[in-house]
Amino acid sequence: MTSSLSSLNASESSAPTSPAPSSIHGGPSSSSKVDRLRPQDRRSGPSGYRFSTTCATVDDPNHKDQYGASSTPIYMSATFKGLPGAEFDYSRSGNPTRSMLQHHLCQLQNCRYSFAVSSGMACLDVITRVLKPGERIIAGDDLYGGTNRLLTYLATHGGIQTDHVDTTDAEKVEQMLQTRATEHSLGQCGPIKMVLLETPTNPLLKICDLERCARAAKLYAPDAIVVVDNTMMSPYLMRPLELGVDVVYDSGTKYLSGHHDLMAGVIACDREDVGQQIAFTVNSIGNALTPMDSFLLLRGIKTLAVRMDRQQSTALLVASYLTSLGFKVNYPGLASHPGKEIHDAQASGPGAVLSFETGDKELSEGIVGATRLWGISVSFGCVNSLISMPCLMSHASIDPKVRAARRLPEDLIRLCVGIEDSRDLIEDLESALLKAGAIRRRRSSIPDGTLVSPSGIITSDQSISKLVDGMDKNKIETRGGDDEDGRLTKRPPLPASSLVVSAPGKVILFGEHAVVHGVTAIAASVALRCYAHVQPRDDDKVSITLPDLGIEHAWSIDSLPWGKVKTNDVATPAESLDEELHKAIETSVGNIVADDTARSHAASVAFLYLYMTLADRSSPNRGQSFVIRSALPIGAGLGSSAALSTCLASSLLYTHGHLPLPTADSSVAPASQTLINAYAFLSEKVMHGNPSGVDNSVATHGGALAFTRPNAARNALVKSEMASLKSSFGSVRFLLTDTKVPRDTKTLVAGVGARLKADPAGVGKTLDEIQHISDRAKDIFLSQQPAGSGEKGREAKLEGLSKLIVENHELLQTLGVSHESLEVVRRTTAERGLATKLTGAGGGGCAVTLLPDEMPKADVESLRAALEKNGFKCYETEVGGGGVAVLLDQSRNEESKEWFGKLPGSELASRLDGTAWSTA
Ligand SMILES: Nc1ncnc2c1ncn2[C@@H]1O[C@H](COP(=O)(O)OP(=O)(O)O)[C@@H](O)[C@H]1O
Ligand SMILES: C[C@@](O)(CCOP(=O)(O)O)CC(=O)O
């Protein structure tokens, strides 16, 4: 042992982690409520990355590897040579691999001290050594068995007593603190020196209000340290230090490592006095983490956020599935959880552990024993899913009488969800529930035509959302239930069964019509959107309600022409329409709603085409009701059909489990966008015959795009090219004028196609000229402003765009797609020196006018009045917002059905736009 270690003075110990305190506190302040709600969005550490980036980026500028190794080397060395004072001398006190891990943990938890020790229990051992005999602890009554065992040991061997209270009731914690403080002041007991909290509790998943308990501790026992076991959440979902807590520990064996291939514990602390004390203890007792395990833990942490996202979203499905069967489920992700509000305020996700009761201990044993995929094991946080009975396993060390007193049900089953396919997990669980007799099929009520595999197990190609939705009513009842109908008919809100999505309309600035024939179009999303609300129907019908057109259609699902549907792999969408299916749907829609208007007919056929392509006929959950609303003017050239198509495609893909729902902190994934866009394009083809795909691409991806479709005569593309246009000169003001003159995109597009066929050279030349316009416009958008050109540079660019607008409109006139109403707009604006062109298919519909930066509001208003005098409607709009979006708030999804179909479009939009969406 080297001389620096022979002294066990805390201040000389090299156990604390390496970064200088100042470098860790690079992140934003911890006091803001908003910050706290979304810790994964917070930037931390000197590099200022967000959480998942920091997870994957292991870097300590003060400890660069001599060879530039990409992965932290494992320093398998007990000793390090050198004179006293060197940074490392003996691995118990400090080891470079462990130092790197501890540095990384400091970055993730935004704290100054981090310690990696041999297990989660070792953490508690180290932390409780701060206490002296006679001092007291307040802890929860729903604790992990190991924690309980150590606290009992401290009481019998160390004279440190613990008061167990229900820490999920902050008032009880406050009362206990007050009582003990009074007793201590009267000399009746020792001081409270530690308050030990855990939330959600294990295994009952009850919620403790950390901030309130920490505040109470500071009030009644200012010398006590507030300690939180954060293993259930991991630093990704919760960072208790930011809630007023002094010390946090995690069993690193769980989510941090994620693979159940090591044992570790990590302690985080930001208080210097406590940090130094812990450093002293770790060094003294020698339980610091080995270099090999430090390496493994560091590796595991890199994927913490992605693992947790996946595990958590599956846990929500499993919890909903079990709830739908009638089991009492404990999971803070469920709207019914009593502590949800507090949990949501202090953590940013419900985690991936849940528990449920069956009502019978033997039955629970039967279920646990019958699972195959769910491993029977203690612990959690692993990539593999685990099932256990806490009373027989993780909590067996607690006296049964104590367990009973703490209301820990003997039949409780704990599920720790891993990263496997959620369908396999639910199928395996269902099979175990059936085998154990916890549920059984209600064969008599399976609807005609519903296919159930001979084994009685739902086949794996069925989507989880359908599986989950249909469990209760159609197939299964809980044990002991008779065939009483309606016994389980009250279903809880299910994550994927009711959903709200939205997509924006678009404005084509240059290149409409020509884009159909391979010319580049410049288009951008607008702030007006279409919205779709989906919920299950239990009458075996599928329906579409179009309140904007005053239409509702419902079809008995069996009456649809299913014989024409070809088996398809949803992940590889067809590029062209299946004309046979299209025709068959046209016929049946025509038959069913003979008095249909052309508009609702088109929307209905497109809807059924996508429904029949994406829904599974054999699913018991095939019944669905769709309500579509648009804040966009319909049929005016602003892409209402593409926004509708994108809403239909996304809602069907999500509710039928073809796409994972985005999580609270994620946007609609690029791969999801691609699939949504492909199906939206098919719907557009149903509605418009030969669309270019620009509208649905903008509705799906959002932003501003230069879009070019493959066309052998014009370009060498094999698939549509989309170049994102980020204007180098800020936003541009546009006025959209809806002439309210109805027109039909399909007919107008076909008309231009016919002209091209009749006069390939003449129309071809027009197309070349439009291509040239789009190219110039693209250059203007993308070109950097010459240095020092300032306002002048911007003015020149806007002038350039105005010229192109005028030219493009003239060319569209020659293609025969203008209309007198559009010419009125053009003239009215030209009188004021403004450039206007039609946008979209023309023939009526909308015109777009470029507004100069300096145009006063009053002038815009007078222009608007002049235009609206003709019966037109004007919108001043921004362009380039987000694409397809999914409403994340499940309760909002449920609640909105009350007013979704009733409110005026603009009011509906303002109600929905203010809520939490995940957007492309
Ligand atoms: N909210 C809606 N309700 C019903 N149908 C709609 C809605 N939005 C769009 N549509 C469908 O889209 C068609 C309009 O498409 P289109 O003529 O291309 O004009 P736009 O430029 O608005 O997309 C309508 O005729 C109708 O079939
Ligand atoms: C005319 C066209 O270029 C745009 C159609 O726009 P809208 O349907 O009028 O919104 C056709 C297309 O690109 O598919």
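Looking only at residues in region 74-86 that are assigned to a loop (DSSP other than H, G, I, E, B) and touching an Asp or Glu at 6+ places or on another chain (Cβ under 8 Å), which one is farthest from K64 (Cα to Cα)? Explain how you work it out, then say what you get.
Initially, region 74-86 is screened for residues assigned to a loop (DSSP other than H, G, I, E, B), giving 74-78, 80-86.
Remaining after also requiring touching an Asp or Glu at 6+ places or on another chain (Cβ under 8 Å): 80, 82.
Details: F80: 17, G82: 19 Å.
Going through the qualifying residues, I end up with G82.
Just to check your reading of the model, which residue among E586, E575, E579 is within 16 Å of ligand 2 (Cβ to nearest atom) and on the phi < 0 side of the Ramachandran plot? Even if it seems obvious, please write down each step before you answer.
On the way: E586 fails: within 16 Å of ligand 2 (Cβ to nearest atom); E579 fails: within 16 Å of ligand 2 (Cβ to nearest atom).
Selected residue: E575, the only one of E586, E575, E579 that is within 16 Å of ligand 2 (Cβ to nearest atom) and on the phi < 0 side of the Ramachandran plot.
Which of the residues that make up region 89-106 are under 10 Å from A78 (Cα atoms) and among the charged types (D, E, K, R)?
D89, R92
Only one residue in L632, L659 is in a loop (DSSP other than H, G, I, E, B), within 15 Å of ligand 2 (Cβ to nearest atom) and either within 24 Å of the chain's Cα centre (by Cα) or not small (G, A, S) (or both), so which one is that?
Details: L659 fails: within 15 Å of ligand 2 (Cβ to nearest atom).
Selected residue: L632, the only one of L632, L659 that is in a loop (DSSP other than H, G, I, E, B), within 15 Å of ligand 2 (Cβ to nearest atom) and either within 24 Å of the chain's Cα centre (by Cα) or not small (G, A, S) (or both).
Suppose we keep only residues that are farther than 15 Å from A554 by Cβ and in contact with a Phe, Trp or Tyr (Cβ under 6 Å, 6 or more places away or on another chain) within region 611-629. Which one would you say is farthest from ligand 2 (Cβ to nearest atom)?
So, considering only residues that are farther than 15 Å from A554 by Cβ and in contact with a Phe, Trp or Tyr (Cβ under 6 Å, 6 or more places away or on another chain), the one farthest from ligand 2 (Cβ to nearest atom) is R617.
Kindly evaluate G286 against the criterion of being at pLDDT 95 or above, among the small types (G, A, S) and either open to solvent by less than 10 Å² (accessible area, probe 1.4 Å) or within 30 Å of the chain's Cα centre (by Cα) (or both).
Working: at pLDDT 95 or above: yes; among the small types (G, A, S): yes; either open to solvent by less than 10 Å² (accessible area, probe 1.4 Å) or within 30 Å of the chain's Cα centre (by Cα) (or both): no.
For G286, the condition - at pLDDT 95 or above, among the small types (G, A, S) and either open to solvent by less than 10 Å² (accessible area, probe 1.4 Å) or within 30 Å of the chain's Cα centre (by Cα) (or both) - is not met.
For G843, only one of the following conditions fails: (1) farther than 23 Å from G693 by Cβ; (2) within 16 Å of ligand 2 (Cβ to nearest atom); (3) in contact with a Ser or Thr (Cβ under 9 Å, 6 or more places away or on another chain). What is its number?
The number of the failed condition is (1).
Among all residue pairs at least 6 apart or on different chains, which show Cβ distances below 9 Å where the first residue, located in region 626-640, is closer than 18 Å to G843 by Cα and near ligand 1 (Cβ under 6 Å from one of its atoms) and the second is of a type in the set (D, E) and open to solvent by less than 20 Å² (accessible area, probe 1.4 Å)?
From region 626-640, the pairs are A636/D738; G637/E512; G637/D738; L638/D738.
Could you tell me which of the residues G369, G418, G381 is modelled with pLDDT of 90 or more and either open to solvent by 10 Å² or more (accessible area, probe 1.4 Å) or in contact with a His (Cβ under 7 Å, 6 or more places away or on another chain) (or both)?
Details: G418 fails: either open to solvent by 10 Å² or more (accessible area, probe 1.4 Å) or in contact with a His (Cβ under 7 Å, 6 or more places away or on another chain) (or both); G381 fails: either open to solvent by 10 Å² or more (accessible area, probe 1.4 Å) or in contact with a His (Cβ under 7 Å, 6 or more places away or on another chain) (or both).
From the options G369, G418, G381, the qualifying one is G369.
With the checklist (1) within 28 Å of A664 (Cβ to Cβ); (2) in contact with a helix residue (DSSP H, G or I) (Cβ under 8 Å, 6 or more places away or on another chain); (3) open to solvent by 40 Å² or more (accessible area, probe 1.4 Å) in hand, flag the one item L298 doesn't pass.
(3)
Restricting to helices (runs of 4 or more DSSP H) lying wholly in region 684-783: which have 2 or more residues that are within 16 Å of ligand 1 (Cβ to nearest atom) and surrounded by fewer than 22 Cβ atoms within 10 Å (Cβ to Cβ)? Give the derivation first.
Values: elements: 694-701, 745-758, 760-782.
Fully inside region 684-783 and qualifying: 745-758.
Could you check region 353-378 and list, in sequence order, the residues that are of a type in the set (G, A, S) and under 21 Å from G333 (Cβ atoms)? It would help to see each step written out before you state the result.
Going residue by residue through region 353-378, those that are of a type in the set (G, A, S) are 355, 359, 364, 366, 369-370, 375, 377.
Answer for region 353-378, where residues must be of a type in the set (G, A, S) and under 21 Å from G333 (Cβ atoms): just S355.
Pull out all pairs, ordered by first then second residue, where Cβ-Cβ is under 8 Å, the residues are six or more apart or on different chains, the first lies in region 171-199 and is small (G, A, S), and the second is open to solvent by 30 Å² or more (accessible area, probe 1.4 Å).
A181/Y220; G190/G134; G190/R136; G190/Q161; G190/H184
Of the residues that make up region 853-870, is at least one in contact with a Phe, Trp or Tyr (Cβ under 9 Å, 6 or more places away or on another chain), more than 20 Å from L798 (Cβ to Cβ) and acidic (D, E)?
Taking every residue of region 853-870 in turn, none turns out to be in contact with a Phe, Trp or Tyr (Cβ under 9 Å, 6 or more places away or on another chain), more than 20 Å from L798 (Cβ to Cβ) and acidic (D, E).
Of the residues that sit in region 641-659 and are open to solvent by 10 Å² or more (accessible area, probe 1.4 Å) and within 14 Å of ligand 1 (Cβ to nearest atom), which one is farthest from L838 (Cα to Cα)?
Step one: of region 641-659, the residues open to solvent by 10 Å² or more (accessible area, probe 1.4 Å) are 641, 644, 657-659.
With the extra rule that they be within 14 Å of ligand 1 (Cβ to nearest atom), the set shrinks to 641, 644.
On the way: S641: 18, L644: 22 Å.
In this case the residue turns out to be L644.
Within region 287-304, how many residues turn out to be touching a Gly at 6+ places or on another chain (Cβ under 8 Å) and among the hydroxyl-bearing types (S, T, Y)?
Total meeting the criteria: 1.
At least 3 residues that are crowded, with 20+ Cβ neighbours inside 10 Å in each: list the strands (runs of 3 or more DSSP E) lying fully within region 514-572 that qualify.
Numbers: elements: 521-536, 541-546, 551-556.
By residue number, 521-536, 541-546.
The values are calculated or read from the model by the stated rules, or taken from the named source; none is laboratory data. Predicted, not measured: the structure shown is a model, and the values here were computed from it. Glycine also receives a Cβ, built like all others from the backbone with ideal geometry; neighbour counts cover every protein chain displayed. Only protein heavy atoms, including side chains, enter the accessible area calculation; ligands, DNA and RNA are left aside. Shrake-Rupley method; radii C 1.70, N 1.55, O 1.52, S 1.80 Å.
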